[in-house]
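Have a look at the structure below before the remarks.
The values are calculated or read from the model by the stated rules, or taken from the named source; none is laboratory data. Computed from a predicted structure; not experimentally measured. For neighbour counting, all protein chains shown are included, and Cβ atoms are generated from backbone atoms with ideal geometry for every residue, glycine included. When the accessible area is computed, the model is the full protein with side chains, heavy atoms only, and any ligands, DNA or RNA have been set aside. Shrake-Rupley method; radii C 1.70, N 1.55, O 1.52, S 1.80 Å.
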Amino acid sequence: QVQLVESGGGLVQPGGSLRLSCAASGSILSINRMGWYRQAPGKERELVATRHEIGQINYADSVKGRFTISRDNAKNTVYLQMNSLKPEDTAVYYCNIFTWNGINYWGKGTLVTVSS
């Protein structure tokens, strides 16, 4: 059984920073990509950033230049450094693993609130 545990969410003022972490454990076979998605109240879940096994990185246009995704392969951990946060970044952030055999794994989410 694969488990993804996110941490690092919280309340931050506009312009502030947070770093999210996601540690993966269990029997994970052949990761294709790891990444982050988010879901704001009343909206659908959307991609924030993904990092592929071969190194390709994708960001949502709304976070380019502000967020950075990174991975520690030895620890099966993915990070999301979020800078210059805006109120519209407020959402539940979910960690995701997609494997080469087409399986999606999701964490339970961590809440990020950007407010003064």
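Here are a few things to note about the model shown:
- Scanning the stretch 40-67 for residues being of a type outside the set (Phe, Trp, Tyr) and in contact with a Phe, Trp or Tyr (Cβ under 7 Å, 6 or more places away or on another chain) gives a total of 5.
- Top-ranked residue of the stretch 65-88 - restricted to ones that are without any contact (Cβ under 8 Å) to a residue 40 or more places away in the chain and out of contact with any helix residue (DSSP H, G or I) (no Cβ under 9 Å at 6 or more places or on another chain), ranked as farthest from SER7 (Cα to Cα): GLY65
- Residues of the stretch 26-59 that turn out to be within 11 Å of ILE97 (Cβ to Cβ) and among the hydroxyl-bearing types (Ser, Thr, Tyr), as a count: 2
- Looking only at the stretch 102-115, and only at residues there that are assigned to a loop (DSSP other than H, G, I, E, B) and touching a residue at least 24 places away in the same chain (Cβ under 8 Å), the one that is most open to solvent (accessible area, probe 1.4 Å): LYS108
- The stretch 56-83 - residue that is open to solvent by 60 Å² or more (accessible area, probe 1.4 Å) and of a type in the set (Val, Ile, Thr) and, of those, farthest from SER17 (Cα to Cα): ILE57
- Close contacts from the stretch 53-64, counting a first residue that is more than 26 Å from GLU88 (Cβ to Cβ) and a second that is exposed (fewer than 13 other Cβ atoms within 10 Å of the Cβ), with Cβ to Cβ under 9 Å and a gap of 6+ residues or different chains, come to GLU53/SER30; GLU53/ASN73; GLU53/TRP100.
- Test: residue in the stretch 25-33 that is part of a strand (DSSP E or B), open to solvent by less than 30 Å² (accessible area, probe 1.4 Å) and within 18 Å of GLY109 (Cα to Cα): no
- Selection within the stretch 42-101 - charged (D, E, K, R), at pLDDT 95 or above and assigned to a strand (DSSP E or B): GLU46
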